[in-house]
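First comes the structure, then the notes that go with it.
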Amino acid sequence: MQIECPCGSGLGYEECCGKFVEGKAHAPTAEALMRSRYAAYALKRADYIVQTALHADNRDSIASWMEKAEFFRLEIVQTKRGGVLDKKGIVEFRAWFKEEDEEYILHEISAFVKRKGRWYYDEEGSETVTL
């Protein structure tokens with residue numbers, strides 16, 4: 001039985017973000033990478049978060065935080081560029097999560113860059129607000 005993808009697309013995990021998170025394919029767009037990174041957070045897959053970041057993230061601190069956080073909703077606000085033929089893209093999103101019985105909204109304008117045919121999250125070019 002296939003689970004629904006955590007990114008909220010309405011598709012099954014395997015046909016949506018699963019192929020990216022499981023390493024069977026690379027995300028073709030910045031939004032696809034953003035959605036798959038969200039799915040990885042929801043499924044506590046720190047390895048994928050580190051592999052898809054332009055700058056080396058600390059896997060241990062990400063994994064530690066993932067154990068405390070429960071992601072349960074994603075909203076894509078807007079996407080600028082980041083298509084198959086682009087080299088850069090921006091995805092603005094809101095992600096709802098719970099941590100220690102408190103609910104938070106992570107609102108981020110994320111920057112993505114394509115290097116050698118693969119999209120990566122660029123933390124240095126991104127803006128984050130947690131509400």
Using 7 Å Cα-to-Cβ label points, what is the Trp65/Glu100 separation (nm, one decimal)? 1.5
Part-to-part distance (alpha-carbon centres) for region 12-51 and region 54-131, which is given in Å: 12
Sparsely packed trypsin sites (Lys or Arg not before Pro) within region 44-121, loop by DSSP, other Cβ within 10 Å at most 10: Lys116
Members of Lys24/Lys44; Lys88/Lys116; Lys24/Lys80 lying beyond 21 Å, as alpha-carbon distances in this model show: Lys24/Lys80
How large is ³J(HN,Hα) for each residue in region 105-113, as worked out from phi by the Karplus curve 6.51 cos²θ - 1.76 cosθ + 1.60 (θ = phi - 60°), to whole Hz, x for Gly and Pro? 10, 8, 10, 9, 10, 9, 9, 10, 10
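Quote the convex hull volume per residue of the chain, based on C-alpha atoms, as a whole number of Å³.
Once divided by residue count, the hull of the chain is 105 Å³.
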Counting other Cβ atoms within 10 Å, which GluC sites (Glu not before Pro) in region 29-131 have at most 13 and lie in a DSSP loop? Glu100
Region 14-130, relative contact order [Cα under 8 Å, separation at least 6], %: 23
If I build a Gaussian network model for the chain, linking alpha-carbon pairs within less than 10 angstrom, which residue out of His26, His107, His55 has the largest mean-square fluctuation? His55
Once you place label points 7 Å from the Cα toward the Cβ at Leu54 and Lys116, how far apart are they in nm? 1.7
Taking θ = phi - 60°, what integer Hz values does the Karplus form 6.51 cos²θ - 1.76 cosθ + 1.60 yield along region 87-104, in sequence order, with x for Gly and Pro? 10, 9, x, 10, 10, 9, 8, 10, 10, 9, 8, 10, 9, 6, 6, 10, 9, 10
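Rule-based calculations on the coordinates, nothing more; no lab input. None of the values given here were measured: they were computed from a predicted structure. Quick reminder, even Gly has a Cβ in these numbers, built from the backbone with ideal geometry, and neighbours come from all protein chains shown.
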